[in-house]
Amino acid sequence: MRRPPDLLVSGLDARVSLLATTLNASTVRRYNDTVRSFFRYLHQSFPEVRRPDQLRRDPHMLGWFEYLWSGRGNRSGKPWAKITRGACLLCLRKLLDLLADHAFPPRPGLILSQDIPRPDQLLPRPLTPEDDVRLITELRRRNDWLSNALLLTRWTGTRIGETADLAVNCLRHLGGEQWALHVPVGKLHNDRLVPVDEQVREVVARLRFFRTLEPAAPPEFLLPRRKGHAELCAQLRAYFTRAATDAGIVPHIVPHQMRHTFATTMLRAGISVPALMKLLGHRTANMTLRYVEITQQDLQREFHLARQHPRHRIPLPSSAAVPDVDAADAAAVVQRLSAAVRVLDLYRQQNPSTGAKPLQLLLRRLVRVRSRFQKLSEDAESEK
């Protein structure tokens with residue numbers, strides 16, 4: 001007896017093929033991996049499910065959630081990260097929604113919004129200034145093509161994958177003393193020009209020399225590669241780990257932390273957030289803010305700098321608001337005392353080094369004098 005066709009498999013595969021016409025290759029691979037994981041679970045636990053309308057939230061979908069959460073769906077056997085599990089649920093929910101026009105459509109509500117885990121809030125992970133100096137010193141001491149590639153990554157804020165795909169003519173002269181590194185189309189599917197200085201140009205020159213030695217680099221790329229992009233990235237990461245260990249860095253660090261270090265260093269040097277966003281190749285400023293670390297020392301420096309050199313000064317009270325000298329009524333006295341309080345407070349803010357505590361005491365006395373006079377004038381008016 002022939003087994004009936006698996007309409008669930010054919011239906012999901014057809015929807016993935018439909019999405020492949022508009023999505024990039026990496027996203028299509030994510031959909032395919034999700035479908036394979038889901039089919040593997042169903043064939044092991046519920047082989048009788050062969051149509052979309054046979055799916056139930058309990059036990060089919062809830063069982064698959066536990067399958068992903070426990071790590072049985074991962075080749076290594078380790079639980080998948082929250083962001084990976086969430087991506088799998090989003091992909092399958094999209095495919096199930098597309099099966100609404102199927103001859104046997106699935107029931108609605110198989111995957112709910114509350115089933116998708118919220119990703120962890122990632123904090124900036126820049127290297128400490130001491131570890132940054134140790135790492136750069138060690139990479140300079142080694143002075144081979146791998147160490148220079150990592151130095152280029154550190155000083156330009158590029159991703160490891162972007163460094164691996166740099167072209168041999170990646171350095172562009174924009175006129176005068178302006179130079180830029182052309183970063184190819186990468187993670188966000190766009191390229192960019194990153195301004196560089198003399199030390200980066202020297203590193204690129206050394207890499208152009210190393211590419212002529214063994215192992216020789218392909219004609220179009222700056223860095224050598226034997227088995228492709230993925231193998232070169234793995235080689236750079238392994239080299240980075242060895243260099244960090246030899247430099248005496250105790251905590252475990254990864255190459256992407258150099259990108260966080262570049263962002264934090266540039267922000268402390270005075271670059272604006274929109275400009276930093278363009279340097280890093282981000283689409284939103286929210287992503288850029290995940291890369292920069294603001295310490296208490298940064299807050300103290302910015303606070304005192306703003307007090308000493310304010311960008312927008314408080315305007316002085318206009319002369320029209322000050323009554324004539326010959327006027328001697330109570331309202332005129334109160335206005336002049338208020339003007340004196342404003343001028344003294346403005347002077348205290350613009351001159352923080354000129355006895356802050358005595359000026360603060362004098363300001364409080366003026367405020368008390370104004371309040372005392374206001375009360376006396378009110379009492380006199382009430383007696384009348």
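Table for the structure above
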read-out	value
Subset of region 209-244 [touching a Ser or Thr at 6+ places or on another chain (Cβ under 8 Å) and of a type outside the set (A, V, I, L, M)]	Tyr239
Region 89-113, residues that are of a type in the set (A, V, I, L, M, F, W, C) and either in contact with a His (Cβ under 9 Å, 6 or more places away or on another chain) or assigned to a loop (DSSP other than H, G, I, E, B) (or both)	Ala103, Phe104, Leu110, Ile111, Leu112
Residues of region 207-238 satisfying the condition of being aliphatic (A, V, I, L, M) and either touching a strand residue (DSSP E or B) at 6+ places or on another chain (Cβ under 8 Å) or surrounded by 12 or more Cβ atoms within 10 Å (Cβ to Cβ) (or both)	Leu207, Ala217, Leu222, Leu223, Leu232, Ala234, Leu236
The one condition in (1) surrounded by 11 or more Cβ atoms within 10 Å (Cβ to Cβ); (2) modelled with pLDDT under 75 that Ala340 fails to fulfil	(2)
Qualifying residue in region 35-57 (condition: among the hydroxyl-bearing types (Ser, Thr, Tyr), under 29 Å from the mean Cα position of the chain (by Cα) and surrounded by 14 or more Cβ atoms within 10 Å (Cβ to Cβ))	no
Residue identified as touching a Pro at 6+ places or on another chain (Cβ under 7 Å) and either without any contact (Cβ under 8 Å) to a residue 60 or more places away in the chain or not acidic (Asp, Glu) (or both) among Phe65, Phe104, Phe38	Phe104
Residue among Ala149, Ala167, Ala234, Ala205 that alone is of a type outside the set (S, T, N, Q) and touching a helix residue (DSSP H, G or I) at 6+ places or on another chain (Cβ under 8 Å)	Ala149
Conditions (1) surrounded by 15 or more Cβ atoms within 10 Å (Cβ to Cβ); (2) more than 25 Å from Phe221 (Cβ to Cβ); (3) among the aliphatic types (A, V, I, L, M): number failed by Leu171	(2)
Residue check for Val35: out of contact with any Asp or Glu (no Cβ under 8 Å at 6 or more places or on another chain) and either β-branched (Val, Ile, Thr) or in a loop (DSSP other than H, G, I, E, B) (or both)	no
Search result, residues across region 220-262 that are over 18 Å from Thr158 (Cα atoms), touching a residue at least 24 places away in the same chain (Cβ under 8 Å), part of a helix (DSSP H, G or I) and out of contact with any His (no Cβ under 9 Å at 6 or more places or on another chain)	Ala243, Asp246
Filtered residues of region 114-129 (kept if over 30 Å from Arg57 (Cβ atoms) and either over 22 Å from the mean Cα position of the chain (by Cα) or outside any helix (DSSP H, G or I) (or both))	Leu122, Leu123, Pro124, Arg125, Pro126, Leu127, Thr128
Only listed residue being within 27 Å of the chain's Cα centre (by Cα) and farther than 19 Å from Thr288 by Cα, chosen from Asp132, Asp144, Asp191	Asp132
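The values are calculated or read from the model by the stated rules, or taken from the named source; none is laboratory data. Quantities reported herein were computed from a predicted structural model and do not represent experimental measurements. Ideal geometry is used to build each Cβ from the backbone, glycine not excepted, and the neighbour counts take in all protein chains shown.
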